[in-house]
Amino acid sequence: MNYWQLVRKHPHDTIFGLLHYLFSCCGQSFFISLFVPAWITSVNLDNAEFAKLYGMATLGGAVALSVVGPLIDRVRIKTFTLANGVLLAVCCFLLSQSQNWIMLGLSLTGIRLSAQGLMPLTGATAMGRYFEANRGKALSFATLGMSIGELMAPTLIVILLKQYDWSTVWIFISLAIITLFPISIMAFGRKEAKPNIEEKQTNKQNFKDNKAFIKRLRTSPSFLILAFMIVYTPFITAGFLINQNLIVDAMGLDLMWFAAAISSFGTCRIVTTIFTGPLVDRFTAQRIIPFTLLPLVIGMLAVLFSNHAYTLIFFMGMVGVSISFGSVAGSALWAELYGVDKMGTVKSQVSTFMVFLTALAPVLFAYMFEIWFQTTFVLLISIAIILMFASHQVISQKSKLQSI
């Protein structure tokens, strides 16, 4: 079954997943960065102060995600996502009214939790639950929603900011979410049966079991290896994108070459996403996961041995390939190992881990690039190779993971 056949056969389910990834864009760094100059002027912050505020908001969203995320395995998905849509709309409106750094920080925390954290979590969990035979293609199709947002949102926001002030634009965003998102979800969301009396009576026991399961996950070396394997490319990507000026300086290039590299990253990410789904369906995520960092390693080796501009473009393209492999195969992996009933809980823990690391990456990489540029690449390559071998060993002994 190809993508067209999948969407024709399951239009409601596939579009449901795509919409969540599309609406997640308003909480992503590329989207928020478009408003930073206006916020700095309006709230009277400098760049360093805003970076700290944004880092704290990201970490706050990560902590909240680890608590709120597992709820998706105990309530109906449509109920969960409608509540999240309301939360996102409220936070966007509060952001539009922010006149000081406290209000700005709290609003950004809510948006990072709701959009960056819970939207993709819901989309991936829904695709994992709704599909089995074509789970990989369903996840690939859903993640294209984020790519669509990355292509369209910046241009749209720039046009709006030329006509209106930033506060008005966020009011528009809030109104769009509170009207379009619930309508879309009600139209495309799958109808789920209400919990029966016995299920309601076991909710307290399930909650206790879930807390124990989360504790076992966080202390399992095998799970942590796979989790770090999946978030390693987003961790590196965050560090590279924020410190792009240090990379081009070290390579002796003009900053315009990094813009070309970003285009390479986006193109390779979209193309790889399309091809990853069928590969997961054919070979399973468990077989693919150990190889997801291979393109990243090849790209970093190229930078290590060449300072040519096209090397940078090739490198960012390979980063896009790895991040797409990891995103689709990673989401499918948790469903394969732990079942769809626990997929949301597992993915929320991995997402929290990823947000913490991506918040740390810009500061860590800035320090390392300024002192040991080539040594940093050697270290990153070594860690990636170790993770590939370690993940292969963990997958070969998956009984330990499934016994958590």
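Numerical summary
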{"read-out": "Residue within the range 292-300 that is among the β-branched types (Val, Ile, Thr) and at pLDDT below 90 present", "value": "no"}
{"read-out": "Residues of the range 129-143 satisfying the condition of being in a helix (DSSP H, G or I), in contact with an Asp or Glu (Cβ under 9 Å, 6 or more places away or on another chain) and crowded, with 24+ Cβ neighbours inside 10 Å", "value": "Arg135, Gly136, Lys137, Ala138"}
{"read-out": "Filter result for Gly27 (surrounded by 16 or more Cβ atoms within 10 Å (Cβ to Cβ), out of contact with any His (no Cβ under 8 Å at 6 or more places or on another chain) and under 19 Å from Leu357 (Cβ atoms))", "value": "yes"}
{"read-out": "Count of residues meeting criterion [aliphatic (A, V, I, L, M) and either buried (at least 20 other Cβ atoms within 10 Å of the Cβ) or without any contact (Cβ under 8 Å) to a residue 12 or more places away in the chain (or both)] in the range 237-247", "value": "3"}
{"read-out": "Residue match in the range 290-312 (condition: within 23 Å of the chain's Cα centre (by Cα), over 26 Å from Val248 (Cα atoms), surrounded by fewer than 24 Cβ atoms within 10 Å (Cβ to Cβ) and not hydrophobic (A, V, I, L, M, F, W, C))", "value": "yes"}
{"read-out": "Any hit, the range 235-245, residues being modelled with pLDDT of 90 or more, within 25 Å of Val378 (Cα to Cα) and assigned to a helix (DSSP H, G or I)", "value": "yes"}
{"read-out": "Count of the range 246-265 residues which are over 22 Å from Ser322 (Cα atoms) and small (Gly, Ala, Ser)", "value": "2"}
{"read-out": "Tally of residues being at pLDDT below 70 and in a loop (DSSP other than H, G, I, E, B) across the range 161-220", "value": "9"}
{"read-out": "Met388 farther than 25 Å from Ala62 by Cα, touching a residue at least 40 places away in the same chain (Cβ under 8 Å) and of a type in the set (A, V, I, L, M, F, W, C)", "value": "yes"}
{"read-out": "Sole exception among (1) buried (at least 20 other Cβ atoms within 10 Å of the Cβ); (2) in contact with a Gly (Cβ under 7 Å, 6 or more places away or on another chain); (3) not hydroxyl-bearing (Ser, Thr, Tyr) for Gly266, by number", "value": "(1)"}
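Matching residues to (1) surrounded by fewer than 23 Cβ atoms within 10 Å (Cβ to Cβ); (2) closer than 30 Å to Val68 by Cα; (3) at pLDDT 95 or above; (4) not aromatic (Phe, Trp, Tyr):
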residue	(1), (2), (3), (4)
Arg287	yes, no, no, yes
Met318	no, no, yes, yes
Phe325	no, yes, no, no
Gly330	no, yes, no, yes
Leu357	yes, yes, no, yes
Thr375	yes, no, no, yes
Leu387	yes, yes, yes, yes
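The values are calculated or read from the model by the stated rules, or taken from the named source; none is laboratory data. Predicted model only: the values in this text are computed from it and were never measured. With ideal geometry, Cβ positions are generated from the backbone for all residues, glycine too; neighbour counts draw on all protein chains shown.
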